[in-house]
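Here the structure comes first, spelled out in structure tokens, and everything after it is commentary.
The values are calculated or read from the model by the stated rules, or taken from the named source; none is laboratory data. Since this is a predicted model, take the numbers as computed values, not measurements. Note that each Cβ is placed from the backbone with ideal geometry, even for glycine, and that neighbours are counted across all protein chains shown. These area figures cover heavy atoms from the full protein model, side chains too; ligands, DNA and RNA do not enter into them. Shrake-Rupley method; radii C 1.70, N 1.55, O 1.52, S 1.80 Å.
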Amino acid sequence: MSETTTGTTGLTSQYATQVAADLERNVKEQERLAGEIAALQEQLATMQQDHTVLVSIRQVLGGTAEAVETPAEPAVETAVETEADTAAVVPAPRKKTADATGTGRRTREARKSSPARAKGARTARKNAAPKAEAATESAQRTLVDIVRAHLVEQREPRSAAEIATTLGQQHPERSVKTTVVRTTLEGLVAKSHAQRTKQGTSVYYSAADTQEPAAVPEASAEESA
């Protein structure tokens, strides 16, 4: 009787040890599977976000490709997708296609706007040409020629200050000073190309071919001779 009891106790102890080991392996396997499931769920969440973004981009671009259904989230207890299967839900080339479409659209827009910019540049050059020609012509003429031509155009005598002011406005590219204009006028008078009239302390100049000098304006704009 005692031998039977001893044998039963030893067998029970052996089974208990085996069950404890199996339980420990089971717990470790559950922990390992739980870790893999958590990693796969994180990958799945990332892929679902990418799927949503790509669908939005395709709608903006007016894509007509077939719709890609959003996969139903799998139950953790029944099935676990592999990493390769999850990655295959949204093909990577779609994003490249969207980028290429956007680049093509920007290229077409740039081509459309190029003729307008070219036309604007030609117009600007065309408008600037007369101004450049006038500035070049003015720079080639001497101050003596400009002053003499100005006197011919006047109907009444003008003072050196008045002539300098007018020429400065007509030829902004030149530095027209009253003293230089007065010296030029005196040189024209010396060569009989201009006439000088005087009223009080004011001196007025007119072209030499004037028959009868007009009345000299009152000395409101007087200057020293």
request  = Report the accessible area of D22, computed with a 1.4 Å probe over the heavy atoms of all protein chains in place, in Å² rounded to the nearest 10.
outcome  = 60
task = For an R0 of 25 angstrom, estimate the FRET efficiency from the Cβ-Cβ distance between V19 and Q48 and round to the nearest 0.05.
result = 0.05
